[in-house]
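Any read-out appearing in this document is the output of simple, stated calculations on the displayed coordinates, not a laboratory observation. Remember, it's a predicted structure, so these values are computed and weren't measured experimentally. Using ideal geometry, Cβ is built from the backbone for each residue, glycine included, and neighbour counts are taken over all protein chains shown.
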Amino acid sequence: MDISSLTHWHWWVLGIALIVLEVFAPGAVFIWMGVAAAVVGVILLIAPDLGWEYQFMVFSILSVVAIAGWKVYQRKHPTETDRPTLNRRGEQYVGRTFTLDEPIVNGLGKIRVDDSTWKIEGEDCAAGTLIKVTGVEGTILMVEKIG
């Protein structure tokens with residue numbers, strides 16, 4: 001088979017193969033390349049004399065535009081989840097209250113939360129003070145004294 005004898009069927013088979021590949025390597029890339037291949041197949045069905053250079057050019061442009069468009073859409077419309085803080089452990093503690101085991105000195109201290117120790121930042125407090133986590137900056141919990 002010569003590359004110059006590509007037909008719409010070749011592009012449709014490539015499109016299906018890329019979409020199937022997406023099942024095994026998810027990432028929303030191959031599916032858009034598969035759609036681009038299918039569109040090139042439709043274009044080739046309408047204009048069968050289109051040279052292979054133009055076919056690959058259209059496929060490349062459509063692939064890049066489709067993938068970039070999907071990424072922009074995903075950024076503007078993030079996927080809703082029932083556990084938004086699943087992989088952001090520090091944010092899971094925002095709003096919770098704890099009792100200090102050690103004092104906060106010069107605005108810094110440590111607190112034991114569940115099975116780990118966290119650095120905390122807030123106003124100086126004595127051990128035994130009730131505090132509330134108000135935010136997270138990196139790996140440091142921001143706290144304020146309650147009462």
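State the antiparallel share, in %, of DSSP beta bridges confined to the chain, rounding to the nearest 5.
That works out to approximately 85 percent antiparallel.
Ranking V143, W12, F24 by Cα position along the charge dipole of the chain, where only Lys, Arg, Asp and Glu carry charges on their C-beta atoms, puts V143 farthest toward the positive end.
What is the calculated FRET efficiency for A127 to V94, with r their C-beta to C-beta distance and R₀ = 22 Å, to the nearest 0.05? All intermediate terms of the calculation are to be shown ahead of the outcome.
On the way: r = 23 Å, r/R0 = 1.03.
Efficiency, from the Cβ-Cβ distance: 0.45.
The stretch between I16 and Y54, if pulled fully straight at 0.36 nm per residue, gains 11.6 nm over its current Cα-Cα span. Share of pairwise Cα-Cα distances greater than 17 Å in the stretch 3-76 is 43 percent (whole percent). Against the chain, whose longest principal axis is taken from its Cα atoms, helix 8-24 shows a tilt of about 20°. For the stretch 1-66 versus the stretch 119-147, the inter-centroid distance based on Cα atoms is 56 Å. All Cα-Cα separations within the chain were binned at 5 Å from zero, giving a P(r) of 2, 9, 14, 12, 8, 6, 5, 6, 6, 6, 7, 6, 5, 4, 3, 1, 0, each value a whole percent of the pairs. Note on Y93, Y54: ascending count of other Cβ atoms within 10 Å places them as Y54, Y93, the fewest first. Set the Förster radius R0 to 22 Å, insert the Cβ-Cβ distance between K76 and A25 as r into 1/(1 + (r/R0)^6), and round the FRET efficiency to 0.05. My answer for the efficiency is 0.35. Each residue in W12, W70, W32 was given a count of other beta-carbon atoms within 10 angstrom of its own, and listing them fewest first yields W70, W12, W32.
Estimated purely from DSSP H runs of n ≥ 4, each contributing -39500 (n - 2.57), the mean residue ellipticity at 222 nm for the chain is -14000 deg cm²/dmol once divided by its residues. Lysine pair count for the chain with Cα-Cα distance under 25 Å and sequence separation of 8 or more or different chains is 6. Note down the net charge around G95, summing +1 for each Lys or Arg and -1 for each Asp or Glu among other residues with Cβ under 13 Å from its Cβ. Surrounding charge for G95 is 0.
In plain terms, the chain is cut at each of the GluC sites (Glu not before Pro) found in a DSSP loop with at most 12 other Cβ atoms within 10 Å, and the longest leftover piece is 1-79.
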